[in-house]
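What follows is calculated from the coordinates using simple rules that are stated; it is not laboratory data. These figures come from a predicted structure and were not determined experimentally. A quick note on method: Cβ atoms are made from the backbone with ideal geometry, for glycine too, and the neighbour counts reach across all protein chains shown.
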Amino acid sequence: MSTPNCQPMSVAEALELASSNPGARFIDVRTPGEFAAVHIPGSYNIPLELLREHSDELRTHHDDPVVLVCASGARADQAQKAVQDAGFDELRVLDGGINDWARSGGPVNTGSGVWSMERQVRLSAGSIVLLSVLASLVFAPAVWLAAAVGAGFVFSAVTDTCGMAKVLAMLPHNRGGSCDPSALLRAMTDRVPGRS
């Protein structure tokens, strides 16, 4: 098995790939709610946690390029690490994610979905800090909740993980409808019909 190309892919390269190679797969690893709000036309939504849970089942049956997409590139990097041993020759991360794609004028489908996970984390963390500081005016030890959130962000930065995002991803508005994991994973592994 060859070593996959793990270099980030610029938006310009991704746009060129999308127009020149109909077999290229754009796999969006954000939550279904985020995907419903905005995504690259023709991309598949396979949430990061689903990829992690089923990474041992991924064995590619094609040599088409696979581009992993998230909001900014961080979750796509994690997805790449989770599936890099599945046999993909071209497994790349869209540098800057859907945010840079849209800013660069790449085509997007929009709908009714939820805020990006990063925005949800900022709202949740900011609300907890603000409320705990205000509560500390009446009950002084409440300020320690703000300190706990700060410590969580330090841990998140050091480990390149986000516990709050994992918790928020489990909320019903982020999960979307039920899905068949095997059908989603086939989108990543099976050959495109009509291609050799």
(request) With no solvent and one equal point scatterer per Cα, compute the Debye intensity ratio I(q)/I(0) for region 96-144 at 0.13, 0.27 Å⁻¹ and report its log10, rounded to two decimals. (result) -0.52, -0.98
(request) Sort region 32-138 into rounded, prolate or oblate with this rule: let a ≥ b ≥ c be the square roots of the eigenvalues of the Cα gyration tensor; rounded if a/c is under 1.5, and if a/c is not under 1.5, prolate when a/b is larger than b/c, oblate otherwise. (result) prolate
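Quick one: which of 83-94, 133-144 comes out on top by average Cβ neighbours within 10 Å, and what's the full order, highest first?
Numbers: 83-94: 20.7, 133-144: 11.8.
Order by mean packing, descending: 83-94, 133-144.
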(message) Please list, short to long, the whole-number percent of alpha-carbon pairs of region 72-112 in consecutive 5 angstrom bins beginning at zero.
(response) 6, 21, 22, 20, 17, 12, 3, 0
(message) If I model a spin label as a point 7 Å beyond the Cα along the Cα-Cβ vector, how far apart are those points for A12 and L137 in nm?
(response) 5.3 nm
